[in-house]
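What follows is one structure encoded as structure tokens, with my remarks underneath.
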Amino acid sequence: MVQASSVEIRKVNKFYGPFQALKDIDLSVPPGKVTCLIGPSGSGKSTLLRCINFLEEYDSGEVRIDGQLIGYEAPGGRRMRARKLREMRRSIGMVFQQFNLWPHMTAQENVAEGLIRVRGLPRAEAADRAVEALRKVGLGDKMANHPARLSGGQQQRVAIARAIAMEPRLMLFDEPTSALDPELVGEVLNVMKTLAGEGMTMVVVTHEMGFAAHVADQVAFMEAGELVAVDAPARILHQPEDPRIQGFLRTYHERNAF
């Protein structure tokens, strides 16, 4: 089992000018568990995810990873020093909608580069770690391929390999399958299921309700910057009491009906 982090979010608010994107968010993410964030587009899911590793600066409240405040020296205090923030981010992997691979590098080189630049590993050791990570995501036969010679699903798996090669204690996924053709979604979700099974703490913004139902330990529903409900997947997805969740799921099923 991997070493896994916990996340505590307390009364987090985020503004863009007069617009409030997050409103007093409270959420606990236990170590080794999977939390899926669902809700309509523009509800604040991705903003909340980016606040966890301080890619977005929250305006008030606290985000703590393993009990340590991230982003600020103290609640309501000055911004954390860049070096300390980099140190905290080393234990956090993040996978975005877009793959963000270097087109001139092979899959192996893409994974190894972060280990060399961020971790300062010797090139040979980084290359070995990259091989291990790519094999873990089922791309042992694609190491010498450049991104242009990989499918979208394979490119996203390279992006996941790049993240897990850093040996994170927490993985953040921002709609990792939204840019993929439908037939490629499953291969990425299967890798994520494997990580979940190994005990990785994961926070996943997703529109894949099947993944949330079968893999998540808890599902958090957001709308208009508010955290409406957090509960077991079965209660949120199959027995929702809040009419906002009911309406969202009704629209989802209508859009995905064959």
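The values are calculated or read from the model by the stated rules, or taken from the named source; none is laboratory data. If you're wondering where the values come from, they're calculated on a predicted model, not measured in any experiment. Don't worry about glycine lacking a Cβ; one is built from the backbone with ideal geometry, like all the others, and counts go over all protein chains shown.
Do we have Phe221 as buried (at least 23 other Cβ atoms within 10 Å of the Cβ), within 23 Å of Pro103 (Cα to Cα) and touching a residue at least 60 places away in the same chain (Cβ under 8 Å) here?
No.
Any residue at all in segment 21-31 that's assigned to a loop (DSSP other than H, G, I, E, B), surrounded by 21 or more Cβ atoms within 10 Å (Cβ to Cβ) and in the same structural domain as Glu175 (by TED's automatic domain parsing)?
no
Tell me yes or no: at least one residue of segment 235-247 is within 23 Å of Ile52 (Cβ to Cβ), of a type in the set (Gly, Ala, Ser) and either without any contact (Cβ under 8 Å) to a residue 60 or more places away in the chain or in a helix (DSSP H, G or I) (or both).
Looking for residues that are within 23 Å of Ile52 (Cβ to Cβ), of a type in the set (Gly, Ala, Ser) and either without any contact (Cβ under 8 Å) to a residue 60 or more places away in the chain or in a helix (DSSP H, G or I) (or both), one finds none in segment 235-247, hence no.
Mind telling me which of the residues Ser60, Ser41, Ser6 ends up being polar (S, T, N, Q), out of contact with any Leu (no Cβ under 6 Å at 6 or more places or on another chain), in the same structural domain as Ala232 (by TED's automatic domain parsing) and under 25 Å from Gly197 (Cβ atoms)?
Working: Ser60 fails: under 25 Å from Gly197 (Cβ atoms); Ser41 fails: under 25 Å from Gly197 (Cβ atoms).
So the residue among Ser60, Ser41, Ser6 that is polar (S, T, N, Q), out of contact with any Leu (no Cβ under 6 Å at 6 or more places or on another chain), in the same structural domain as Ala232 (by TED's automatic domain parsing) and under 25 Å from Gly197 (Cβ atoms) is Ser6.
Any chance you could count how many residues in segment 112-146 are part of a helix (DSSP H, G or I) and closer than 21 Å to Leu184 by Cα? Don't jump to the end; show me each part of the working.
Initially, segment 112-146 is screened for residues part of a helix (DSSP H, G or I), giving 112-117, 123-136.
Still in the list and also closer than 21 Å to Leu184 by Cα: 133-136.
Number of matching residues: 4.
State all residues of segment 64-87 that are free of Cβ contacts under 8 Å to residues at least 24 places away in the same chain, under 21 Å from the mean Cα position of the chain (by Cα), surrounded by 15 or more Cβ atoms within 10 Å (Cβ to Cβ) and outside any loop (DSSP other than H, G, I, E, B); if no residue qualifies, say none.
Within segment 64-87, just Leu69 meets the criteria.
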